[in-house]
Amino acid sequence: MVFRALAVLALTSTIAWPDGVLAAERAKAQVECTPTGKRLVYECRIVLTGRKSGAPLKGAKLVVGADMPSMPLAHNVRPVTASPGAKPGMYKATIELEMHGEWALKLDVSGPTRDRLIHKMHFGSAKGDKMDHGGHKKK
Ligand SMILES: [Cu+2]
């Protein structure tokens with residue numbers, strides 16, 4: 001009985017939101033960054049999907065910024081606009097960081113849906129360089 005009631009409810013909401021569902025939906029990102037040959041430069045592949053629908057977010061404008069949560073205001077990485085990747089919902093961006101360590105990528109999504117996602121990840125080097133907080137310029 002309970003199950004049937006829920007099914008009816010779901011159907012009703014589908015009718016109420018025919019096409020515009022994605023427009024109101026929040027985004028979800030899957031991020032993968034790999035080191036390039038150049039020190040501190042990473043090639044990032046970002047897959048954007050609807051948080052509820054799981055459908056790829058096509059035709060979005062995506063701007064990627066980066067900051068270090070452990071060092072507020074210490075870095076000034078210029079945000080880059082991602083370009084469309086090989087598959088729908090896939091985007092790529094080349095980011096240049098200022099040191100290795102834990103960074104928070106800021107993903108600004110606009111277009112079919114508008115959202116801002118913070119994605120924390122650790123950046124090291126391909127050759128296993130030591131994390132270098134000591135070499136950081138202080139203000
Ligand atoms: Cu730092």
Projected label distance in nm at LEU73 and LYS28, using a 7 Å step from Cα toward the beta-carbon: 3.7 nm
Sort region 22-123 into rounded, prolate or oblate with this rule: let a ≥ b ≥ c be the square roots of the eigenvalues of the Cα gyration tensor; rounded if a/c is under 1.5, and if a/c is not under 1.5, prolate when a/b is larger than b/c, oblate otherwise. prolate
Expected unfolding gain across VAL80-LYS38 under the 0.36 nm per residue rule, minus the alpha-carbon gap, is 13.4 nm
With a cap of 10 neighbouring Cβ atoms within 10 Å, and only residues DSSP puts in a loop, list the trypsin sites (Lys or Arg not before Pro) found in region 29-89. LYS38
Amide H neighbours of ALA66 at under 5 Å, excluding residues fewer than 5 places away on the same chain, with H built from the backbone geometry, are VAL77, LYS106
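Only the coordinates and a few stated rules stand behind these numbers; no lab work does. Everything numeric in this text was worked out from a predicted model, so none of it was measured. All Cβ positions, glycine included, derive from the backbone under ideal geometry; neighbour counts span all protein chains shown.
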